[in-house]
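The values are calculated or read from the model by the stated rules, or taken from the named source; none is laboratory data. Keep in mind that this is a model prediction, so the values were computed, not measured. As a convention, Cβ positions derive from the backbone with ideal geometry for all residues, glycine included, and neighbour counts pool all protein chains shown. Note: accessible area is taken over every heavy atom of the protein model, side chains too, but ligands, DNA and RNA are not part of it. Shrake-Rupley method; radii C 1.70, N 1.55, O 1.52, S 1.80 Å.
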Amino acid sequence: MVTADAVVSAVTDPELPMLTLADLGILRSVTEADGRVVVTITPTYTACPAIETMRYDITRALSLAGYPGAEVRTELAPAWSSDWITPEGRRKLADYGIVPPAAAASLGRRESRAPIACPRCGSTHTECTSEFGSTPCKALHRCRDCLEPFECFKCI
Amino acid sequence: MSSTSDPDLAAYCLMLGDDALIMSHRLQEWCTMAPELKDEVALANIALDLLGQARVLLTRAGSADGSGRSEDYYAYFREEDEFLNVWLAEVRCKDFGQLVAALLVFATWRLAVLQRLTGSSDDVLAGLAAKAVKEVTYHRDYAARWVIRLGDGTAASHERMQAGLAYIWPYVAELFVGHEVEKRAGVDPADVRAEFDRVLGEVCAAATLVVQPLVPAHCSPGRDGMHTEAMGPLLAELQGVARADGDATW
């Protein structure tokens with residue numbers, strides 16, 4: 001039987017299906033007590049609308065793997081940081097065309113970041129068109145050379 | 001989580017939660033109204049962040065007051081005089097200049113309060129504050145960029161931005177009065193006044209806007225449940241569906 005931890009780690013993000021919850025770094029703990037699994041996750045943003053779907057996806061995956069009646073808890077503290085996205089998660093984001101967040105959000109936000117390279121042509125001649133994108137965790141950018149609009153994971 | 005009742009903490013969570021809920025509603029009204037699509041997306045994102053903060057705070061209020069009432073109860077089934085938000089949150093902004101002025105003031109003030117709340121003795125409040133600081137920093141930056149762009153733009157945009165600031169300015173002094181509950185359970189907003197003045201001063205200087213001196217306020221009516229005439233219609237819209245069908249789920 002697959003461990004509950006392995007089952008939960010393989011569940012994917014509903015908005016970013018190339019990433020598992022483990023890649024995204026939102027999985028805090030998976031514990032088993034009295035035949036029941038308790039999963040604790042942390043939202044990327046307080047109001048992340050994907051949380052309810054994640055809750056459903058986790059309990060469903062566990063149920064199918066032989067762990068019925070799991071409980072999913074959410075916990076805000078310590079606050080999630082984009083630094084928690086794993087190296088594997090960053091690679092998957094980049095492969096998908098979403099620029100991964102710069103390492104170490106704690107070192108400073110956008111203003112002090114290295115130039116962002118266009119995922120299509122690699123040019124660093126890019127600009128941020130909006131810090132708010134299709135999901136709370138992503139910003140909109142544009143390449144000034146190939147003109148491709150693209151998304152970039154926010155550094156928080 | 002402790003089940004013992006803590007009325008001050010509950011009231012404080014309602015104050016911060018109502019600020020976020022009502023401001024979120026006002027921002028949502030700008031969907032389809034903003035000057036560009038990306039600003040619609042930005043305002044909706046900011047509204048969503050604030051709604052998330054409100055949910056955590058209203059839920060905490062329900063555990064802190066010992067009633068166990070849900071976030072939905074506080075949002076949908078309270079009367080106007082039970083809402084404890086500041087007046088700035090309920091102001092109806094009909095011009096984008098007014099909106100970004102209100103958002104700049106609101107986010108600058110809230111961010112300063114939240115930064116101090118990360119050290120709260122209440123774990124839920126401290127955890128929410130640490131999370132919300134990251135979000136509201138983006139809100140403040142967004143508003144500041146627009147205020148500078150419009151203020152330091154054309155003669156027409158400058159005039160409208162200055163008028164926008166004047167429109168919301170009467171509501172600013174209330175933010176720093178400091179209700180007894182705020183002083184006992186959280187952060188005395190009077191303590192963030194200097195930081196607020198510094199940030200506003202920097203942004204308005206870059207925007208070539210004149211900042212009027214604040215006329216000191218002696219009471220914070222919103223914190224005592226007294227509201228402007230804009231609040232009734234806002235609540236009618238916010239609560240209408242839930243009240244029309246009490247069994248509805250979503």
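Excluding A:L147 itself, calculate the net charge of residues whose Cβ lies under 14 Å from the Cβ of A:L147, where each Lys or Arg counts +1 and each Asp or Glu counts -1.
0
Return an integer: the convex hull volume of the alpha-carbon atoms of segment B:1-133, in Å³ per residue.
Value for segment B:1-133: 102 Å³ per residue.
Rank these residues by their accessible area, most exposed first, probe 1.4 Å: A:Y67, A:Y96, B:Y171, B:Y12.
So the residues, ranked largest to smallest area, are A:Y96, B:Y171, A:Y67, B:Y12.
Would you calculate, for chain A, the mean residue ellipticity at 222 nm contributed by helices, counting each DSSP H stretch of 4 or more residues as -39,500 (n - 2.57) and dividing by all residues, to the nearest 500?
Taking each H run of at least 4 residues, the total per residue is -6000 deg cm²/dmol.
If you fit an axis through the alpha-carbon atoms of helix B:96-117 and take the longest principal axis of the Cα set of chain B, what angle between them do you get, 0 to 90°, nearest 10?
Roughly 50 degrees between the two axes.
Do any GluC sites (Glu not before Pro) in segment B:61-124 lie in a DSSP loop with no more than 15 other beta carbon atoms within 10 Å, and if so, which?
Loop-located and lightly packed - B:E79.
Which angle from 0 to 90°, rounded to the nearest 10, does the C-alpha axis of helix A:51-64 make with the longest principal axis of chain A?
That works out to roughly 40 degrees.
So, counting K/R as plus one and D/E as minus one, what does the shell of residues with Cβ under 14 Å around B:D6 add up to?
Net charge in that neighbourhood comes out at -2.
Per residue of B:129-138, how many C-beta atoms from partner chains lie within 10 Å of its own C-beta, taken as a mean?
5
Return one whole number: the accessible area per residue of segment B:14-93 in Å², for a 1.4 Å probe.
34 Å²
For the interface of A with B, what's the total buried accessible surface in square angstrom, probe 1.4 angstrom, rounded to the nearest hundred?
Answer for the A-B pair: about 1900 Å² buried.
Working with all protein chains in place, sort A:I116, B:I148 by solvent-accessible area computed with a 1.4 Å probe, largest first.
B:I148, A:I116
When Lys and Arg each count +1 and Asp and Glu each count -1, what net charge do the other residues less than 12 Å away from B:L238, Cβ to Cβ, add up to?
Once all neighbours under 12 Å are counted, the net charge is -3.
Have a look at chain B and give its Rg and Dmax from the Cα atoms, expressed in angstrom.
17.6, 58
Kirkwood Rh, Cα Rg: Rg to Rh for segment B:157-197?
Here the Rg-to-Rh quotient is 1.16.
Unpartnered cysteines of chain A (Cβ-Cβ under 4.7 Å counts as a partner)?
Those would be A:C48, A:C128, A:C137, A:C152, A:C155, since no other cysteine Cβ in chain A comes under 4.7 Å of theirs.
List the lysines whose Cα sits under 19 Å from the Cα of A:K154, skipping any in the same chain fewer than 8 residues away.
By straight Cα distance, A:K154 reaches A:K92, A:K138, B:K38, B:K131, B:K134.
Tell me, what is a quarter of the convex hull surface for the C-alpha atoms of the protein assembly as shown, in nm² with one decimal?
For the protein assembly as shown, the mean projected area of the Cα convex hull comes to 21.4 nm².
Tell me, what is a quarter of the convex hull surface for the C-alpha atoms of segment B:177-250, in nm² with one decimal?
Computing the convex hull of the Cα atoms and averaging its projections yields 8.6 nm².
What do you get for trypsin sites (Lys or Arg not before Pro) in segment A:1-72 restricted to DSSP loop and a cutoff of at most 13 other Cβ within 10 Å of the site's Cβ?
Listed in order of number, the matching sites amount to none.
From largest to smallest, what semi-axes in whole angstrom does segment B:18-57 give when each is the square root of 5 times an eigenvalue of its alpha carbon gyration tensor?
Computed over segment B:18-57, the values are 20, 9, 5 Å.
How many times 2.2 N^0.38 Å is the alpha carbon radius of gyration of chain A?
1.14
Working from the alpha-carbon coordinates of segment B:82-150, get Rg over Rh, Rh being the Kirkwood radius.
Result: Rg/Rh = 1.04.
Once you have the Kirkwood Rh of segment B:1-70 from its Cα pairs, apply Stokes-Einstein at 20 °C and 1.002 mPa s and quote D in µm²/s.
Result for D is 166 µm²/s.
Counting each DSSP H run of 4 or more residues in chain B as -39500 (n - 2.57), what helix-only mean residue ellipticity at 222 nm follows after dividing by all residues, to the nearest 500 deg cm²/dmol?
Helices in chain B give a 222 nm mean residue ellipticity of -21000 deg cm²/dmol.
Please compute the per residue accessible area over segment B:104-250 with all protein chains in place, 1.4 Å probe, rounded to a whole number of Å².
46 Å²
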